[in-house]
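As structure tokens, the structure follows; a few thoughts come after it.
The values are calculated or read from the model by the stated rules, or taken from the named source; none is laboratory data. Computed from a predicted model, the values in this text were never measured in an experiment. Cβ placement follows ideal geometry from the backbone for every residue including glycine, while neighbour counts extend to all protein chains displayed. Note: accessible area is taken over every heavy atom of the protein model, side chains too, but ligands, DNA and RNA are not part of it. Shrake-Rupley method; radii C 1.70, N 1.55, O 1.52, S 1.80 Å.
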Amino acid sequence: MHHIILGSETDFDGWRSAARTLVLNDVTPADVTWTVRGHGPDQPETSTAEPPLEPPHGTFNVPAKFVELAKTAILHRDAERFALLYRLLWRLHRDHDLLDVADDPDVARIHAMAKAVHHEAQRMRTSIRFREIGREHTSHFVAWFEPQHHVVELAAPFFASRFADMPWSILTSDVCAHWDGHAVSITPGISEAGMPAGHRLEEIWQRHYAVIFNPARLAAKQSRNSPEASTIKPASESVTPPEPTMIRHADRLSALRDEAADCRACHLYEHATQTVFGEGPQSAQVMLVGEQPGDKEDLAGKPFVGPAGQMLDRALEEAGIDRKKVYVTNAVKHFKFVPRGKIRLHQKPNTPEIKACRQWYERELASIKPDLVVAMGATAAQCVFNRLTPINKNRGRLIDLEGVKALVTVHPSYLLRLPDEDAKAREYQRFVEDLKIAAELLRKRARAAA
Ligand code: URA
């Protein structure tokens, strides 16, 4: 029997190294147990192997997809996860295409675990509220979180880029994450029962401060998501080429929205708060497409709720279109920005990012089957027409596009940016006129249906 002891709950490298040795020694999953150091009173200090294992010779390949899934699923709290991952690795060694068998119980389980981990990391990103402590001396922002899975290290780089200019700590009973303006560090968790409210958090912080910031402990574990990982990469880097998109059956919008919440098709999800999916009725006859969520939309999780949204609402009303009856979405579903102090500066998405996200537009379109798609601005036009499409040359007329009508117009943010009031008023009127073309089409369809 082989008893493997991993260094921590999230010790993927330790699991990978042990698993590789075991597979290359032909050890069956039934002959291995997995635990984490420090769990259980009678646990030996290190792994034991009977019969002894040979140092691994040779190599074997597993699909890159398995490695990605395993790195995420190992963060699940299920104690069986290490054994499940080893069983999958063992089976993949014999059947390289195993992950394609969606109804295999082990395959289904690893996918469910990875999904739960992504959801929990997302919950952490959206629910943490920092409290400022020690204002008179050096202020520090502290938050308490109770993770359902081991996601603190996974989510920490998001807070490092989001709150880059303030020192913060996230305390949990698993591990604590700290940001000093330069690097993320991880220290052991704090055992507190339940979520401490208000002054209790301050008290816990004061009590643990010296222990947490003992330099020896800080050095004890460098986050695997250390500073390099937490800097925002230039726009052109790290975009995974989009999978060839295949429109299968038309999914309901609610199912698409759930699926898109875990989208990792390009790197933009890393720093955005959440996927901002489209919004509106399944039966909408008009689909409005913008560029990407802005700061307000990123926080609210809804498209066009900030200043550009207010401009859009006003123009829709003037054109005689009820926003509640149209479907409003964006070409790119994650907020792209660079942090500047406390502000997040909008960045235009590039072509690989637009392409990576287009699958969602295609699936929204297939799900709603609107009569008309309105592309607002150059990014939306590039997404809708699937190629660079100049606005001025194409705006203001209905264009036939593979069974749907398309209308090109400017983006409401363009109007907000115009410095000259006259030009602003003139361009706003042109925008309303463009939207009236959509309103007229809706009226015609309504008359025809009556
Ligand atoms: N700009 C967009 O293109 N979309 C939004 O949702 C908000 C601003």
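Overall shape: oblate for region 336-450, with the ratio a/c of the largest to smallest alpha carbon gyration tensor axis at 1.5 or above and b/c at least equal to a/b. Taking 328, 175 and ordering them by how much accessible surface each has at a 1.4 Å probe, largest first, produces 175, 328.
List, in the order given, every pair from 369/405; 71/336; 65/115; 393/436; 324/348; 348/436 whose Cα-Cα distance in the structure shown is over 22 Å. Violating the 22 Å Cα-Cα cut-off are 71/336; 324/348; 348/436. Note: relative contact order over the chain, using C-alpha pairs below 8 Å and six or more positions apart, is 10 percent.
For the chain, the percent of C-alpha pairs falling in each 10 Å distance bin, counted from 0 to the bin holding the largest distance, reads 4, 18, 24, 22, 17, 10, 4, 1, 0. Taken over region 242-449, the convex hull of the Cα atoms encloses 121 Å³ per residue.
Considering helices alone, the calculated mean residue ellipticity of the chain at 222 nm is -13000 deg cm²/dmol, with DSSP H runs of length four and up weighted by -39500 (n - 2.57) and normalised per residue. The angle between the Cα long axis of helix 307-319 and the main principal axis of the chain comes to about 30°, on a 0 to 90 degree scale. Highest mobility in the GNM of the chain, judged by mean-square fluctuation with C-alpha springs under 10 Å and restricted to 407, 53, 99, is found for 53. Mind checking the angle between helix 421-449 and the chain's longest principal axis? C-alpha axes, 0 to 90 degrees, to the nearest 10. The answer is roughly 90 degrees. Between 0 and 90 degrees, the angle of helix 351-368 with respect to the longest Cα principal axis of the chain falls at about 70 degrees.
Just check region 245-364 against the gyration tensor rule for me: Cα atoms, a ≥ b ≥ c as the square roots of the eigenvalues, rounded for a/c under 1.5, and otherwise prolate or oblate depending on whether a/b exceeds b/c. Verdict is oblate for region 245-364. Going by a ≥ b ≥ c, the root eigenvalues of the Cα gyration tensor, does region 2-121 fall in the rounded group (a/c under 1.5), the prolate group (a/b larger than b/c) or the oblate group? Taking the square roots of the gyration eigenvalues as a ≥ b ≥ c, region 2-121 is oblate. The dipole here belongs to the chain: it is taken about the Cα centre, uses +1 on the Cβ of Lys and Arg and -1 on the Cβ of Asp and Glu, and is about 1760 debye. Residues whose amide H comes within less than 5 Å of that of residue 337, counting only those at least five positions distant or on another chain, are 347 (H built at 1.01 Å from N in the peptide plane). Accessible area of residue 90 (1.4 Å probe, protein heavy atoms only, ligands and nucleic acids ignored): about 40 Å².
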